[in-house]
Amino acid sequence: MNCLLLERKTGTNEITIESFIALALWKFLDTEEQIKVQLIEVDQTTSSVAININEISHENYRNNDEKKYIQLPMLKINDGNYNIIGLCSVLRGICRLMQSSSKTGSLATKLLGFKENCLLSASTSSLWVSFCEQDIIQCLINLTKTTDEIIEFPLQMLKLECEFKNPVRMHNIFKVVREAKKDRSIQSESATKVDLEHKYCHGNEANLSDFILYVIFKLIFLTVTNENEFENNIPHILKWYRNMDMEFSTLYDIIMMLLSKVPQKDIYFKEELPIVEANGKYFSLFKRQLIGHKMKKCKGFTNQNEIDLILSKLNGLNIDIKSEPGDENRNIIDDNIIEELLSSGEFPQERMDRKKSQLKSFTSEVIKIAHDDDIIVDFCSGTGHIGLLIALLLPNCKVIILENKEESIKRAIAKAKILKLNNVSYYQCNLEYFNEKFQIGCSLHACGIATDLVLEKCYKLMANFISSPCCYGKIQDLGNLPQSEIFRAVLSADDLIKIAHCSDQTHDEKNVKHINLDKARQGYFCMDIIDTDRSLRAQELGYTVQLTRLYPEDCTLKNRLLIGVYPR
């Protein structure tokens with residue numbers, strides 16, 4: 001049975017805003033026969049909405065040992081074999097499950113949007129998904145919790161208002177404009193100048209974005225009693241909202257039925273509005289999410305004189321910065337097992353050979369430190385090559401495959417069925433949403449900061465880790481660079497980030513197209529610097545750490561391997 005887990009404040013009928021949105025969709029798509037609701041009681045919540053608990057068929061979640069590890073809302077599919085975490089992903093999962101329904105299947109498909117891609121991206125890479133999943137909810141929380149009568153107008157609303165002022169974003173917009181104008185002579189260039197109405201968030205049909213925003217704004221306008229305060233500042237939002245009120249009357253009725261009470265407030269807004277974006281720049285919630293340092297002036301990060309100065313600072317530490325050769329004893333894993341895992345034609349032959357070497361070298365290190373009944377997590381798993389191979393080789397261990405891309409998870413599940421594996425479960429979510437307990441954390445080529453987020457997950461549980469970092473230039477300073485106290489004594493965060501960018505200047509020394517071998521060798525050394533900082537941080541936390549390399553080293557340019565074991 002599929003199960004929707006929601007968060008309920010202990011001793012009350014209050015649930016979090018995210019849980020309320022998920023519950024509204026559960027009711028809207030009439031999912032009671034396919035998905036049961038379970039409420040998990042928590043002592044404290046960041047936000048809450050009082051509901052008519054008798055209006056929903058539900059159970060109380062009774063596994064107290066697991067409660068503290070569960071991030072909500074969560075959708076458990078097939079009795080927990082496949083778990084989805086994160087509001088947007090959970091809503092998409094509910095729609096996916098209901099697509100086969102004779103009553104609401106077409107509506108569920110429509111909510112998934114064009115090519116069923118609505119809110120598909122991770123919040124870490126999409127400003128729009130981050131806005132719908134976090135920012136606009138925080139706006140409601142701020143309005144609910146404020147004790148002031150006069151406050152600054154919510155910046156989140158102004159951002160959405162700006163987006164609604166921009167041209168509508170939709171597939172094949174030129175065709176839609178021509179049909180709307182009933183004029184086949186309109187060309188693409190002139191179509192862009194036509195003001196297509198923002199009837200919905202994207203295009204001419206409502207989708208999950210509209211669903212989330214409508215629920216949030218319904219709660220906002222029920223909370224803030226003097227609606228006139230919004231008229232002058234967000235006219236485009238109000239026009240969209242009133243259209244949704246008329247055309248989604250069923251959803252309106254569901255929201256009002258679910259709500260027990262909404263605390264109303266007389267709030268007034270300051271006349272001076274916050275600035276959405278400085279310098280009058282064009283603002284859009286669909287700009288690519290910028291992670292880490294901007295790369296427009298990459299040379300500024302790799303100026304050789306500055307790099308030499310940073311390296312000279314490290315010389316004074318008297319630390320042996322190097323990685324050890326990889327383990328040649330990798331034949332403990334049979335090639336036939338890996339070939340069974342890798343689909344025929346999945347990679348070109350040359351890449352297939354390199355992939356096999358990576359899997360054998362990485363997984364052999366996992367086998368060395370694993371024990372029966374260990375829970376092993378393959379973070380940033382992709383289609384699950386590492387996790388599925390570990391599951392094949394260690395049938396007495398439980399393997400969790402964690403990936404935020406829906407399609408990659410589905411491909412991993414399909415492979416596991418072919419291999420008849422029964423010791424694997426799957427989590428579709430961002431790293432920050434995963435709170436389950438485990439004994440070994442693995443990550444093969446987790447990009448940039450993802451490697452450090454995985455390591456932090458391991459540190460929190462004192463779990464062993466095996467990690468092969470990638471994309472060093474994408475690491476970020478989250479207030480903890482350098483990571484180790486030893487490095488922090490001589491290097492700044494900016495110093496380490498410059499070294500990280502040099503780490504991405506590696507290339508194959510046998511490649512005749514590249515003649516600057518000194519730069520490549522420096523790049524490999526800089527990789528060792530970054531990973532030595534990571535190693536020292538783990539050692540300070542009590543780990544025994546080995547910095548080695550995958551074998552053979554030419555199986556990948558990013559061939560460093562961090563292995564950390566915490567004493568049990």
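The values are calculated or read from the model by the stated rules, or taken from the named source; none is laboratory data. Note that the structure is a prediction, hence the values are computed from the model and not measured. Backbone-built Cβ (ideal geometry, glycine too); neighbour counts: all protein chains shown. Please note that ligands, DNA and RNA were not included when accessible areas were found on the heavy atoms of the full protein model with its side chains. Shrake-Rupley method; radii C 1.70, N 1.55, O 1.52, S 1.80 Å.
Looking at the structure I just gave you, is residue 107 surrounded by fewer than 19 Cβ atoms within 10 Å (Cβ to Cβ) and over 21 Å from the mean Cα position of the chain (by Cα)?
yes
Take residue 74 and tell me if it is over 20 Å from residue 403 (Cβ atoms) and either without any contact (Cβ under 8 Å) to a residue 12 or more places away in the chain or open to solvent by less than 10 Å² (accessible area, probe 1.4 Å) (or both).
no
With respect to residue 351, is the statement that it is open to solvent by 70 Å² or more (accessible area, probe 1.4 Å), modelled with pLDDT of 80 or more and within 23 Å of residue 408 (Cα to Cα) true?
When the stated conditions are applied, residue 351 passes them.
Collect the residues in region 216-232 that are without any contact (Cβ under 8 Å) to a residue 60 or more places away in the chain, of a type outside the set (A, V, I, L, M, F, W, C) and surrounded by 15 or more Cβ atoms within 10 Å (Cβ to Cβ), keeping them in residue-number order.
Within region 216-232, 218, 229 meet the criteria.
If residue 338 satisfies all but one of (1) in a loop (DSSP other than H, G, I, E, B); (2) surrounded by 18 or more Cβ atoms within 10 Å (Cβ to Cβ); (3) of a type in the set (A, V, I, L, M), what's the number of the condition it fails?
For residue 338, the failing item is (1).
Any idea which of (1) touching a Leu at 6+ places or on another chain (Cβ under 8 Å); (2) exposed (fewer than 13 other Cβ atoms within 10 Å of the Cβ); (3) hydroxyl-bearing (Ser, Thr, Tyr) is the one residue 46 doesn't satisfy?
(1)
Of the conditions (1) at pLDDT 85 or above; (2) under 24 Å from residue 235 (Cβ atoms); (3) surrounded by 13 or more Cβ atoms within 10 Å (Cβ to Cβ), residue 170 fails just one. Which one is it?
Just one mismatch for residue 170, condition (1).
Okay, residues lined up against (1) within 30 Å of residue 493 (Cβ to Cβ); (2) surrounded by 21 or more Cβ atoms within 10 Å (Cβ to Cβ):
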{"residue": "399", "(1), (2)": "no, yes"}
{"residue": "411", "(1), (2)": "no, no"}
{"residue": "414", "(1), (2)": "no, no"}
{"residue": "427", "(1), (2)": "no, yes"}
{"residue": "436", "(1), (2)": "no, no"}
{"residue": "439", "(1), (2)": "no, yes"}
{"residue": "442", "(1), (2)": "yes, yes"}
{"residue": "445", "(1), (2)": "yes, no"}
{"residue": "449", "(1), (2)": "yes, no"}
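Go through region 120-156 and give me each residue that's over 23 Å from residue 45 (Cβ atoms) and under 15 Å from the mean Cα position of the chain (by Cα).
Answer for region 120-156, where residues must be over 23 Å from residue 45 (Cβ atoms) and under 15 Å from the mean Cα position of the chain (by Cα): 120, 121, 122, 124, 125, 126, 127, 128.
Can residue 490 be described as more than 20 Å from residue 373 (Cα to Cα), surrounded by fewer than 17 Cβ atoms within 10 Å (Cβ to Cβ) and touching a residue at least 40 places away in the same chain (Cβ under 8 Å)?
yes
Restricting attention to region 134-156, which residues are within 21 Å of residue 74 (Cβ to Cβ) and either in contact with a strand residue (DSSP E or B) (Cβ under 7 Å, 6 or more places away or on another chain) or open to solvent by 60 Å² or more (accessible area, probe 1.4 Å) (or both)?
If the condition is that a residue be within 21 Å of residue 74 (Cβ to Cβ) and either in contact with a strand residue (DSSP E or B) (Cβ under 7 Å, 6 or more places away or on another chain) or open to solvent by 60 Å² or more (accessible area, probe 1.4 Å) (or both), then 134, 138 are the ones that fit.
Return yes or no: is residue 459 farther than 22 Å from residue 567 by Cβ and among the aromatic types (Phe, Trp, Tyr)?
Taking the combined requirement at face value, the residue does not satisfy it.
All but one of (1) within 29 Å of residue 32 (Cβ to Cβ); (2) outside any helix (DSSP H, G or I); (3) open to solvent by 50 Å² or more (accessible area, probe 1.4 Å) hold for residue 101; state the number of the condition that does not hold.
Unmet for residue 101, out of (1) within 29 Å of residue 32 (Cβ to Cβ); (2) outside any helix (DSSP H, G or I); (3) open to solvent by 50 Å² or more (accessible area, probe 1.4 Å): (3).
If the requirement is being of a type in the set (Ser, Thr, Tyr), modelled with pLDDT of 80 or more, assigned to a helix (DSSP H, G or I) and surrounded by 12 or more Cβ atoms within 10 Å (Cβ to Cβ), which of these qualifies: 381, 323, 312, 361?
Sole residue among the options that is of a type in the set (Ser, Thr, Tyr), modelled with pLDDT of 80 or more, assigned to a helix (DSSP H, G or I) and surrounded by 12 or more Cβ atoms within 10 Å (Cβ to Cβ): 361.
Report every pair of residues separated by at least 6 positions or lying on different chains whose Cβ atoms are under 6 Å apart, first residue within region 333-362 and within 23 Å of residue 557 (Cβ to Cβ) and of a type outside the set (S, T, N, Q), second open to solvent by less than 90 Å² (accessible area, probe 1.4 Å) and not in a helix (DSSP H, G or I).
Filtered contacts from region 333-362: 355/347; 360/330; 360/333; 362/444.
Find the strands (runs of 3 or more DSSP E) located wholly in region 1-52 whose residues include 1 or more that are within 18 Å of residue 80 (Cβ to Cβ) and in contact (Cβ under 8 Å) with a residue 24 or more places away in the chain, and list them.
By residue number, 2-9, 35-42.
Return the only residue of 114, 131 being more than 30 Å from residue 438 (Cβ to Cβ), open to solvent by less than 10 Å² (accessible area, probe 1.4 Å) and aromatic (Phe, Trp, Tyr).
Just one listed residue meets the conditions, 131.
Within region 87-98, count every residue that is within 16 Å of residue 209 (Cβ to Cβ) and open to solvent by 10 Å² or more (accessible area, probe 1.4 Å).
Total satisfying the criteria: 1.
Looking only at region 405-423, which residues are outside any helix (DSSP H, G or I) and without any contact (Cβ under 8 Å) to a residue 60 or more places away in the chain?
Listed by number, the residues that qualify are 420, 421, 422, 423.
Could you check how many residues of region 117-128 are assigned to a loop (DSSP other than H, G, I, E, B), surrounded by 14 or more Cβ atoms within 10 Å (Cβ to Cβ) and not hydroxyl-bearing (Ser, Thr, Tyr)?
4
Does residue 528 fit the bill of being modelled with pLDDT under 90, under 24 Å from residue 326 (Cα atoms) and either hydroxyl-bearing (Ser, Thr, Tyr) or buried (at least 16 other Cβ atoms within 10 Å of the Cβ) (or both)?
So residue 528 fails the test.
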